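The values are calculated or read from the model by the stated rules, or taken from the named source; none is laboratory data. Fair warning: this is a prediction, and the values are worked out from it, not measured in the lab. Positions of Cβ are backbone-derived with ideal geometry, glycine not excepted, and every protein chain shown enters the neighbour counts. Side chains are part of the model used for accessible areas, which takes the heavy atoms of the whole protein and leaves out ligands, DNA and RNA. Shrake-Rupley method; radii C 1.70, N 1.55, O 1.52, S 1.80 Å.
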Amino acid sequence: MNTKTIYLHPDGRRGAKGTKGDPVSTLGEAIERIRTLRAGKADASAPVRAVLCDGIYPVTESAVMDARDSGIVWCADKGAHPLICGGVFLNRADFRPADPAFCSRLRNTPAAPILQFDLNAAHVDFWHDMKTDNGARYAELYIGEARYDLPAYPKQNFLKFETANRKSETAFRETDPVPLSWGDVPGMRAFGYMEADYFSVDVAVTVAADGTVELRHNFSDGRSYRYYNVSQELCAKGEYYIDRERGILYVCPTDDFDTAPIMLSQFEGPILRAEGISDVRFEGLHFAGVRGEALNIAGDRVTFNACRFTRIGNSVMHLNGMENRVLFCEACAIGGAGFIISGGDCENLRNANTLVDSNHIHHFALNGSTYQAAISAEGGMGHTFSHNHIHHSIHNAINGYCPDLLVEYNLIHDVCREAHDAGAIYTGRWHSRNTVYRYNLIYNNVNINNLGVPFGIYNDDSGAGKAIYGNILCGVAGYGVMVGAGNNNQIYNNLIIKTLVSINDDERSYYGNFQESMCRFPGGFFFYEQIHFPSYATQAWNVRYADSTLLKYTNVEDWEDRWMPVAAGRTVIRGNCLVGSGPVQVSPCTAKFSVVRDNMSYDSAEAADIADVEHLDFRLLPDSPVYRDIPFWQDIPVDRIGPRKRNQA
């Protein structure tokens, strides 16, 4: 069957034939042209290639696909780097030295001369509201592919709520002299961990003349916050502020300001919305410049290969369906999450077989929201996240709440940078059973403000049915592996180096502890969540997840009954190599029903004969005592961790 080719070019025209000499100019026009070509054909899904020539493709409305648009390959022309962009590029020559009246209000001397740009004169929108209900952000400024920040106080670390200063559930008396010096600050907001150290809050805020701060959100004493979008604090290179009354953009430029492209995000997004498509490929395309989510895709056998996603205000993509692929892509300068994955048939226990492999995802969750991971399993079942390189974020790298999840060979570092009760890899609960976390390298997992101690792998909320083995956890500020009780977990053959505690398994779901009520039948949330899983208690479920059928449906307290869910037992912690790390800690009630043995501790990497930890070479040397002390130790395939080369796929 011959493949038809449609061409796109930024200078194309509406109503064009779609040939190389007469190209269309937008995704939407290409979709219309392909539908016209297929209309009346015997095979309405005949294969089509949509080829994007070099250049910038401005986006002002979403392209929408449905089942009629299956079987299309959307790709870059040979040697081309097409940019599908919802932002507007600002002319560097139109920047001027900032007016003295504005500069006189700055509290500190700027690190570089402040420049200004008249957005109204250039007919560039900037949105008076800082946020919208659907998650889209205000217009954000990017120089090259780096996002500029709104001026904040303090710029590093946080302020703390003091008990003595509380005035109501949402108001307090500010005693720091800096905020009291600002006067009226239109559009000012506050960000922080205001109620708990594991989730963030971002709210509008006002400071009255008497120092009363109204947050419009509850807060807890001792928790943290900072102010941002404060014009008076504009002073560090890489910051910007928009005077929304006058339509003036102010910037404190970085050193690359004179050479890199300057873009302000405009389109709310998504660039592409698809429902019911199948056998569609996107290859070598670059999506950028939206204030909200970039792509929202529901379909089967949809592949993104070697694409780039940059300068996005919210998440990169929701991808739902069967046998979908995200391969060899890069995502950076992302305000929210990366790839949010769902799909699979939970009623009939058919795995989605989604594969997210060999991607480079970095500098994400820039807008400060917690649980905005680089890759998330949010529903469905049967996904694989492998060989990805993930780094630089305030919170999790990978989140997983679904059965039959495989997370392997990922290289993760410099995440959880503002987190405490969080893990670089985060999972939990009962229904997400038969999940495997193996051969991942996590290092330098540290809270940069010293406000907490994040974990390497965190099996939270009585997480059950997890296998955690063959991982390397190095330089983790908190626990290498943290288990919040749960049952039927297998933790073995992990190499844990320089952590506060190597492995911790608590008893939160045991009788009398704080999550016991969530585990009781029939009203406990974890029980409810599991028994309402579409296929729970069917024959297929009982065969695949046999261990879960042994949970008793009773709330009679029997402190010696290992089959009670609140016993949090039947976990094995065995044969782990602990180097310069704290001991294995298992709470007494959990320990009664668990196997904890053959975990060997060494004072240093030299004592364990590890090749070169400083340069991330974690191979055990041939004469390492680990082989003697843990006879069943299996070498971790360190050379396979991280992205594969495209010719290895």
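Summary table below
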| read-out | value |
| --- | --- |
| Extension gain, Glu145 back to Tyr627 (0.36 nm per residue minus Cα-Cα distance, nm) | 168.8 nm |
| More than 23 angstrom apart: percent of Cα pairs within region 7-122 | 49 percent |
| Estimated FRET transfer efficiency when R0 is 60 angstrom, pair Asp255-Asn542 (beta carbons, to 0.05) | 0.45 |
| Percent of beta bridges antiparallel (DSSP, the chain, rounded to nearest 5) | 25 percent |
| Spin-label model distance (nm) - Ala46 vs His81, 7 Å beyond Cα toward Cβ | 3.6 nm |
| Ranked packing of 398-406, 616-624, most packed first, by mean Cβ within 10 Å | 398-406, 616-624 |
| Spin-label model distance (nm) - Arg107 vs Asp598, 7 Å beyond Cα toward Cβ | 5.9 nm |
| Cα gyration tensor category, rounded, prolate or oblate, for region 231-271 with a/c compared to 1.5 | oblate |
| For the chain: relative contact order, % (alpha-carbon pairs under 8 angstrom, 6 or more apart) | 8 percent |
| Total charge dipole magnitude, the chain, about the Cα centre, Cβ charges on Lys, Arg, Asp, Glu only, Debye to nearest 20 | 1380 debye |
| Mean shadow area of region 445-484 over all directions, Cα convex hull, nm² | 3.0 nm² |
| Distance cut-off 18 Å, percentage of C-alpha pairs in region 460-525 lying past it | 43 percent |
| Greater than 29 Å apart at Cα, pairs in Lys237/Lys498; Lys160/Lys592; Lys78/Lys645; Lys160/Lys237 | Lys237/Lys498; Lys160/Lys592 |
| Probe 1.4 Å - accessible area at Phe191, Å² to nearest ten | 20 Å² |
| Burial ranking of peptide ranges 461-469, 607-615 (average Cβ count within 10 Å, highest at the top) | 461-469, 607-615 |
| Summed residue charge, Cβ within 10 Å of Pro110's Cβ, Lys/Arg positive, Asp/Glu negative | 0 |
| Length released on extending from Thr163 to Asp66, taking residue separation times 0.36 nm less the Cα-Cα span | 29.4 nm |
| Cα lying deepest toward the dipole's positive end in the chain, options Ala139, Phe632, Val584, charges on Cβ | Ala139 |
| Cut-off under 5 Å, modelled amide H: who pairs with Ile114 long-range | Ala98 |
| √(5λ) per eigenvalue of the Cα gyration tensor, region 406-525, largest first, Å | 24, 17, 11 |
| Dipole-positive endmost among Ile457, His363, Ser376 within region 306-459 (Cβ charges, Cα centre) | His363 |
| Rounded Å value of the spacing that divides the Cα centres of region 252-293 and region 492-511 | 41 Å |
| P(r) histogram, all alpha-carbon pairs of the chain included - 20 Å bins from 0, percent | 18, 46, 32, 5 |
| Heavy-atom accessible area per residue - region 134-281, 1.4 Å, Å² | 39 Å² |
| Label point 7 Å beyond Cα of Thr175 along Cβ direction - residues of region 215-259 with amide nitrogen under 20 Å | 215, 219-227 |
| Mean shadow area of region 348-417 over all directions, Cα convex hull, nm² | 4.3 nm² |
| Mean residue ellipticity (222 nm) of the chain, computed from DSSP H runs ≥ 4 via -39,500 (n - 2.57), nearest 500 | -1500 deg cm²/dmol |
| Theoretical gain in end-to-end length, Asp22 to Asp639 [0.36 nm per residue, Cα-Cα removed] | 217.2 nm |
| Extent along principal axes [Cα atoms of region 185-265; Å; largest to smallest] | 46, 31, 22 |
| Nitroxide proxy distance, nm - points 7 Å out along Cα→Cβ at Leu37 and Asp221 | 7.0 nm |
